[in-house]
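The values are calculated or read from the model by the stated rules, or taken from the named source; none is laboratory data. Please read these numbers as outputs of a predicted model, since none were measured by experiment. As a convention, Cβ positions derive from the backbone with ideal geometry for all residues, glycine included, and neighbour counts pool all protein chains shown. Protein only, heavy atoms only, side chains kept; ligands, DNA and RNA dropped before computing areas. Shrake-Rupley method; radii C 1.70, N 1.55, O 1.52, S 1.80 Å.
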Amino acid sequence: MRAAVLQLPGSLRVIDAETPRPGRDEVLVRVKATGICSTDLMVYQGRQPAPLPIVPGHEAAGVVDVTGPEVVGFQEGDPVVVEASWGCEVCAMCRHGQEALCPDRVSQGRTRDGTFAEFVVAPTRALHLIPPELDFSLAQALISVACSVRAIRRGRPGFGERAAILGPGIAGLILSQLTGENGASHTTVFGTREWRLAMASSLGANDTVNVREDGWMERALSLTDGQGFDLVFETSGDPQALIDTFELVRTGGRIVVFSIYDGPVDGIPAQLLYRKEVSLVGVRGGGGGYPLAIDLVRSGKVLLDSLVTHRLPLEDAEEGFRMMERRDEGVQRIALLP
Ligand SMILES: [Zn+2]
Ligand SMILES: [Zn+2]
């Protein structure tokens with residue numbers, strides 16, 4: 001099969017690799033589309049640890065090609081989405097039903113070869129059937145929807161609350177479609193690029209704030225009558241945005257950190273954590289969020305069409321990373337079609 005292999009940070013090559021074989025309870029999936037997520041970009045740049053060489057990628061949809069001898073519930077030709085990672089099933093976290101927090105998680109494109117390939121093997125517990133009418137280039141983004149479902153569950157928007165979302169990337173623009181649906185009366189999306197903020201306005205945001213503009217914090221707080229936001233989602237991965245969340249959140253409010261950072265963030269205003277009695281919550285991955293994510297997309301409550309802006313052949317994976325690095329105008333989610 002063809003696979004894109006990261007040999008060294010910043011050096012990706014498409015090679016002929018051996019097609020993996022499914023084990024007893026595993027399925028070989030023919031990858032029809034795989035998204036380039038910002039986490040993959042960090043692996044590509046060497047900003048997240050991964051054993052090299054490795055096939056990057058963790059957001060994929062495709063069709064079942066071969067099933068292992070003990071597989072039930074899936075057959076050849078079934079359209080599926082593959083979870084980004086899965087638990088070991090035996091550690092204390094997995095046994096407590098918190099697979100998402102398993103310290104020994106198998107993470108595609110991080111701890112083992114990922115989805116930038118023609119085929120990928122996964123255990124049945126990491127597969128979900130998807131509606132046959134759903135385009136694969138959109139279905140790959142179900143992983144991002146599942147992560148957003150977890151962010152909503154962790155943040156628990158309440159009836160009439162005011163929500164802030166920092167970062168109008170794919171995660172932020174999925175969340176902007178869900179906060180109102182889940183009770184928030186008003187959602188404000190924060191970013192640096194006008195075209196992305198315009199997308200937010202068309203996908204559920206009641207207001208947008210460009211943090212490059214003078215006086216943006218005052219304007220933001222004025223949207224809450226000076227009180228601050230009940231609930232703040234940090235999805236940008238920008239250390240300064242994480243610091244800003246402490247200013248934006250109201251006294252007694254919640255901050256949901258739904259981002260991956262290179263390392264520690266200096267300058268966290270810890271005094272506000274105390275003074276405002278803020279609840280600070282992390283979100284990692286989409287485990288447990290997939291069935292609802294599929295329902296939300298099937299029912300049209302989450303729209304993905306405008307979020308997947310580019311479709312490239314696998315051979316152009318490296319160009320895809322460069323488009324993201326350059327922050328090219330109009331690039332949101334890039335789907336590779338192996
Ligand atoms: Zn991702
Ligand atoms: Zn485990």
**Item:** Residues of the range 100-127 satisfying the condition of being open to solvent by 20 Å² or more (accessible area, probe 1.4 Å), more than 25 Å from Val63 (Cβ to Cβ) and in a helix (DSSP H, G or I)
**Value:** Leu101
**Condition met for Val189 (surrounded by 24 or more Cβ atoms within 10 Å (Cβ to Cβ), among the hydrophobic types (A, V, I, L, M, F, W, C), assigned by TED's automatic domain parsing to the domain that holds Val278 and without any contact (Cβ under 8 Å) to a residue 40 or more places away in the chain)** = yes
**Qualifying residue in the range 147-160 (condition: closer than 15 Å to Ala335 by Cβ and either open to solvent by 60 Å² or more (accessible area, probe 1.4 Å) or under 18 Å from the mean Cα position of the chain (by Cα) (or both))** = no
**Request:** Count, please, the residues in the range 289-333 that happen to be of a type in the set (A, V, I, L, M), over 16 Å from the mean Cα position of the chain (by Cα) and open to solvent by less than 10 Å² (accessible area, probe 1.4 Å).
**Result:** 2
**Asked** Do we have Val90 as of a type in the set (A, V, I, L, M), surrounded by fewer than 19 Cβ atoms within 10 Å (Cβ to Cβ) and either within 16 Å of ligand 2 (Cβ to nearest atom) or under 18 Å from Thr39 (Cα atoms) (or both) here?
**Response** yes
**Fill in**
Taking the range 16-38 and keeping residues basic (Lys, Arg) and either open to solvent by less than 30 Å² (accessible area, probe 1.4 Å) or more than 17 Å from Thr124 (Cβ to Cβ) (or both) leaves Lys32
**Message:** Taking the condition of being in a loop (DSSP other than H, G, I, E, B), open to solvent by 30 Å² or more (accessible area, probe 1.4 Å) and without any contact (Cβ under 8 Å) to a residue 60 or more places away in the chain, how many residues in the range 50-77 meet it?
**Reply:** 10
**Selected residue [in the same structural domain as Glu161 (by TED's automatic domain parsing) and touching a residue at least 12 places away in the same chain (Cβ under 8 Å)] from Asp238, Asp316** = Asp238
**Prompt:** Among the residues of the range 62-81, is any within 16 Å of ligand 2 (Cβ to nearest atom) and under 18 Å from the mean Cα position of the chain (by Cα)?
**Reply:** no
**Request:** Name the one entry in Phe233, Phe229 that is out of contact with any Asp or Glu (no Cβ under 9 Å at 6 or more places or on another chain), surrounded by 15 or more Cβ atoms within 10 Å (Cβ to Cβ) and more than 22 Å from Tyr44 (Cβ to Cβ).
**Result:** Phe233
